[in-house]
Amino acid sequence: MIARSEITGLLLAGGRAQRMGGIDKGLVPFQGKPLIEHAIHRLAPQVSGLLINANRNHDIYSHYGYPIVADESQDFAGPLAGYLVGLKACDTPYMVTAPCDSPLFPTDLVTALADRLEKEEANIAYASSQDSEGKIWAQPVFCLMKREVLDSLEQFLADGQRKIDRWFTSQDACTAIFANESAFANANTPEELAQLEKFTN
């Protein structure tokens, strides 16, 4: 069994948030607190330590007391760029990722992913949700990976690739299915954030 002490958490707050008007999504208020605080509250108890991937407002994020890692390029290259700098800063055998804009993600996320990773003897385990009609939806920004995939990811990005699913395929990734589809609801727009507020009130 993979111990909590072997896993570092990476919170993804480095996106451009174009559909939010370009604001820093991690600092957008939700239920009276910035989204990043909700993510910290959910993930911190599941891991040995946290990193925050942010590309602006480092002074604000640093107040939370966790190391800040910025993308190596300034073109907002997507989640994989965050994964890369997270893996480089990670000092545990495993790293798990979660975005800052899904404030309701499961409190058993890490244990479920770790269990799946071990059973499948895979390098990466990512979350999937199952809706009320039984359809499975991949949630690739929630994933647990071995630190040793670093070299593969670095080469993948150096080759100009950015698609998560394509990289996952190269790593024989597996998935853990969560029955609660609303757990991964995210806020890409102000309207979606308002809906999430209603959902949780």
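Structure above, values below:
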read-out	value
Selection within the range 1-18 - outside any loop (DSSP other than H, G, I, E, B), within 26 Å of LEU117 (Cα to Cα) and either within 12 Å of the chain's Cα centre (by Cα) or modelled with pLDDT under 95 (or both)	THR8, GLY9, LEU10, LEU11, LEU12, ALA13
Every residue from the range 100-120 that is under 14 Å from the mean Cα position of the chain (by Cα) and within 14 Å of THR8 (Cα to Cα)	LEU109, VAL110, LEU113
Pick from the range 153-169, criterion surrounded by fewer than 16 Cβ atoms within 10 Å (Cβ to Cβ) and not acidic (Asp, Glu), ranking: farthest from SER73 (Cα to Cα)	THR169
Pick from the range 75-113, criterion buried (at least 23 other Cβ atoms within 10 Å of the Cβ) and out of contact with any helix residue (DSSP H, G or I) (no Cβ under 9 Å at 6 or more places or on another chain), ranking: modelled with the lowest pLDDT	GLY82
Count of residues meeting criterion [under 16 Å from the mean Cα position of the chain (by Cα) and within 22 Å of HIS38 (Cβ to Cβ)] in the range 137-181	9
Exclusive hit being closer than 22 Å to LEU35 by Cβ and free of Cβ contacts under 8 Å to residues at least 40 places away in the same chain, set GLU192, GLU197	GLU192
Residue in the range 132-146 that is of a type outside the set (Gly, Ala, Ser) and assigned to a loop (DSSP other than H, G, I, E, B) present	yes
Tabulated pairs, the range 150-167, first part of a helix (DSSP H, G or I), second β-branched (Val, Ile, Thr), C-beta under 9 angstrom, 6+ apart or interchain	ILE164/VAL141; TRP167/ILE124; TRP167/VAL149
Meets criteria (closer than 21 Å to LEU12 by Cα, within 15 Å of the chain's Cα centre (by Cα) and either in a loop (DSSP other than H, G, I, E, B) or at pLDDT 95 or above (or both)) for ALA125	yes
Tally of residues being within 20 Å of THR8 (Cα to Cα) and crowded, with 19+ Cβ neighbours inside 10 Å across the range 30-49	9
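The values are calculated or read from the model by the stated rules, or taken from the named source; none is laboratory data. As the structure is a computational prediction, the values presented were derived from the model and not from experiment. Methodologically, a virtual Cβ is constructed for each residue, glycine included, from the backbone with ideal geometry; neighbour enumeration extends over all protein chains shown.
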